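Below: one structure, written as structure tokens.
The values are calculated or read from the model by the stated rules, or taken from the named source; none is laboratory data. Being a predicted model, the structure only gives us computed values, none of them experimental. Don't worry about glycine lacking a Cβ; one is built from the backbone with ideal geometry, like all the others, and counts go over all protein chains shown.
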Amino acid sequence: MNRNRATDHSPALNPCYGDKLWGSWGSDARLRTSTLLLLGVLLLGAQGCTTFSGGAGYGQKENSDVINRIVRGQNVIFISAHPDDEVYVSSLLGFAADYSSGTILCATAGQSGGCFLAEASPLTLGEVRTRELAKAAARIGVSSVVYGCKNGISMAHPNGTAILESGEQAVARWIAAGEDKETAEQAVARWRGECPEFAAQLRKKINSLRPCIVITFDPEYGMTGHNEHRALSLVVQELFNAKEKKNRVSDDVSLFYVIHPDRAKPEDLRISSAELTERGGRDYVQNALEAFAVHESQLGPTGSPGNNQALADYRHLAETLILRPVQ
Ligand SMILES: [Zn+2]
């Protein structure tokens, strides 16, 4: 796999996958044992996930403004760190697919994730997860691009092959490699070495799709506390704040952070999937969950208890998307 070359996948290609175990700790969705939960809380200071019960927001007019912009043809871009991160915004991406277009720009192939695939694969985990992302994107109706940044600093197999690895084994591996100690800033520096052209590639891709709505993680918490979610936000911030115009994304691009319900502020926007469905005529929550389910390497086989539990845990995030306008 050429780690320094972005790979485009047409929506028609194939499936996607779910979020890395690590990234799930903060939102509690992928924990399989109480031991894992305890480890996650201790390592990341993560909060338990509570069901969002609504909030003031700017009001219906402002919440609907994002929807109206999409109806008028503005594209939606989600910049993610790992295949399966798109679950946080896939209901809105599905709506965008019906009115304009949606694109998932994923920094890494999720090479360091755990793997619940029981069958030995000749593919690397990064290749498996890239395929899962493409399949999920196809379900949503959008396209996906995976860039050459690397996920984490350890792999379950020396050659990166997708071998079965339990959550406990993955956690032990991350700790042994010191992944839990890497800061967001250190991840940004590591990515600069692994994929020096990443930021420029992102900027060019965004500008080619403008005017558009760009959504990424917030730099403080990144939905789950994952350092690479936060690192990605720092990279995107640089693209929007660069002094020289040639290094900056176009001024007609709007930036939003996707916010975890536990971290939402009254002024954040609440995008209701019920409104999306009312206007678009499709069940965007169901579509989002079906797309999430294809990340079998992270969730277990479709229809398995683990996969079903993950869908149940993430449903409330698909039902109400919380966005923070940045610029
Ligand atoms: Zn993630």
Filtering segment 277-306 for residues that are in a helix (DSSP H, G or I) and within 20 Å of the chain's Cα centre (by Cα) leaves a count of 15
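Got a number for residues in segment 65-121 being of a type in the set (Lys, Arg) and either more than 17 Å from ARG270 (Cβ to Cβ) or assigned to a loop (DSSP other than H, G, I, E, B) (or both)?
Our first condition is that a residue be of a type in the set (Lys, Arg); within segment 65-121, this holds for 69, 72.
Now restrict to residues that are either more than 17 Å from ARG270 (Cβ to Cβ) or assigned to a loop (DSSP other than H, G, I, E, B) (or both): 72.
Looking only at that region, the number is 1.
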Report yes if some residue within segment 153-168 is on the phi > 0 side of the Ramachandran plot and surrounded by 15 or more Cβ atoms within 10 Å (Cβ to Cβ); otherwise report no. yes
Would you confirm, using the coordinates I've provided, whether PHE256 is in contact (Cβ under 8 Å) with a residue 12 or more places away in the chain, over 20 Å from GLY148 (Cα atoms) and part of a helix (DSSP H, G or I)? no
Checked against (1) closer than 21 Å to GLY126 by Cβ; (2) in contact (Cβ under 8 Å) with a residue 40 or more places away in the chain, ASN159 satisfies every condition except (2)
Which condition from (1) within 16 Å of the ligand (Cβ to nearest atom); (2) out of contact with any helix residue (DSSP H, G or I) (no Cβ under 9 Å at 6 or more places or on another chain) is the one that SER144 breaks? (2)
Among the numbered criteria (1) crowded, with 23+ Cβ neighbours inside 10 Å; (2) part of a helix (DSSP H, G or I), which one does GLN201 miss? (1)
Note: among GLU185, GLU228, GLU220, just one is exposed (fewer than 15 other Cβ atoms within 10 Å of the Cβ), among the charged types (D, E, K, R) and in a helix (DSSP H, G or I), namely GLU185
Filter segment 139-182 down to residues that are outside any helix (DSSP H, G or I) and among the acidic types (Asp, Glu) and give me whichever is modelled with the highest pLDDT. GLU182
